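The values are calculated or read from the model by the stated rules, or taken from the named source; none is laboratory data. Keep in mind that what you see is a predicted model, and the values were worked out from it rather than measured. All Cβ positions, glycine included, derive from the backbone under ideal geometry; neighbour counts span all protein chains shown. Heads up: the accessible areas ignore ligands, DNA and RNA and are worked out on the full protein's heavy atoms, side chains in. Shrake-Rupley method; radii C 1.70, N 1.55, O 1.52, S 1.80 Å.
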Amino acid sequence: MTEPEQLPYLKKIYPTLPAMLRKFDRFARKRAFMGKSVGEFERWRTETRTLLHELLGTEKMESSPAQPQLLSTTAVEGGITREHWRIQVEPEVWTTLFLLVPESADKTTSVFLCPPGHNGAGKYSVAGLRGYPPIDEKIDHYHYDYGLQLAKLGYVAACPDCRGFGERREDLSDTIRLSEGLKGDCYRLAHMGEPLGISVIGMLTWDLARLIDWLEADARFDTQRLGALGFSGGGMQTLWLAALDDRVKMAAVSGYLYGYRDALLTLNSNCSCNYVPHLWEYLDMGDIASLIAPRPLWVQSCRDDRLNGPRGVVNVEEQVAIAHSAYRLLGAPDSILYEICPGTHQWHEEHLTENLAFLFTHSMT
């Protein structure tokens, strides 16, 4: 018996998506900024951040001493030292990271947080740790080693495992099965957290903020000009962290800033980490990006990235326009840069030096 013959033959199906799209159009984005003045915007920013902390569940997260432990140091290409750290972010919860430190780094060297996206084994691909064929393949395909790229340019790059990836998997056996080893446990985290009112992105944002705490306490490098740069799921983390934490002085979001209706409702099979209960009732992604203003923001998307949704980059352009209106209101219209690159879902480093110069120049104004 062939596979199709094992199931009933259906000539028609009756999906739920059309009704949910109609509900989105009726109920979404009711807390978008509608004011005209800087004062109104600042009040909106304060109220919106409070709302987002409630939706993310970060108010339920528990503080803990960092208890940093340096696990190893390794010399890598270009005179860079790769430090392997373990840091406590909540009681019984640890984050792991590679800190890439250029030979020239000192107290004047800026630090970039480089959170990982999916399908790259967490920090290993971002830090450019080659020698494992599946990781090598992902680095080459997605240009995934953006942490190492930054370190080669002289910046300190903090490349963490976010929850559910790399050393932070929920099941040790998943780290040795090839089909599972590159992936993550977002669905498990969502099943554990959301019934308690804690979203996955709430957990991830909390952990990145604790990483900033540690970098500030460590005091070896300059955290007054701290940046965040991430691709795909790393772009998601960068967006949320920069929106909620003013200690991030500049942000680069690649492969992520798009409208929820097209990219996460129509494309509803995306990862659980993208979804926050009740979020769409209040805000779209451009509204969240608005919270970063007037700090410099570099948004990068690829023209043929299927994650943009069925309308393509138009879906991104609409959200960038929402954020740009906030930048204009705050007197910083030139502090947001939107770059459209060719190809599918990838990080593009071709203009990295120039775009970093843009971030640093506008972080001084």
Straight-line reach only, C-alpha to C-alpha below 17 angstrom: list the aspartates and glutamates that Lys11 could link to, leaving out same-chain residues fewer than 8 apart.
Glu3
At 4 °C and 1.567 mPa s, the Stokes-Einstein diffusion coefficient in µm²/s for the stretch 180-249, with hydrodynamic radius from the Kirkwood sum on alpha carbon pairs, is 97 µm²/s
Between Ala217 and Ser72, what is the FRET efficiency for a Förster distance of 22 Å, r being their Cβ-Cβ separation, to the nearest 0.05?
0.60
Within the stretch 120-152, list the residues whose amide N lies under 17 Å from a label point set 7 Å along Cα→Cβ of Glu339.
142-152
What ranking, highest mean first, results for peptides 189-198, 111-120 when packing means the other Cβ atoms within 10 Å averaged over each residue?
111-120, 189-198
According to the Cα gyration tensor, what semi-axes, each the square root of 5 times an eigenvalue, does the equivalent ellipsoid of the stretch 246-365 have, listed from largest to smallest in whole Å?
24, 18, 12
Full extension from Ala32 to Asp246: what is 0.36 nm times the residue separation minus their Cα-Cα distance, to one decimal in nm?
75.0 nm
Please calculate how many Å² of accessible area the chain carries per residue, with a 1.4 Å probe and no DNA, RNA or ligand atoms counted.
45 Å²
Mean Cβ-within-10 Å packing, highest first, puts peptides 44-51, 69-76, 209-216 in the order 209-216, 44-51, 69-76
One finds, for Phe360 and Lys60 with R0 = 35 angstrom and r their Cβ-Cβ distance, a FRET efficiency to the nearest 0.05 of 0.45
Note on the chain: contact order normalised by length, alpha-carbon pairs under 8 Å, 6 or more apart, percent, works out to 17 percent
State the label only: which of (1) 16.3; (2) 20.1; (3) 22.0 corresponds to mean projected area of the Cα convex hull in nm² computed from the shown model?
(2)
Using a 1.4 Å probe on the protein chains only, how many percent of the accessible area of the chain belongs to carbon and sulfur?
54 percent
Going highest first, how would you order 276-287, 341-352, 168-179 by mean Cβ packing within 10 Å?
276-287, 341-352, 168-179
Could you work out the Kirkwood radius for the stretch 6-87, taking every pair of different alpha carbons, averaging 1/r and inverting it, reported in Å?
19.5 Å
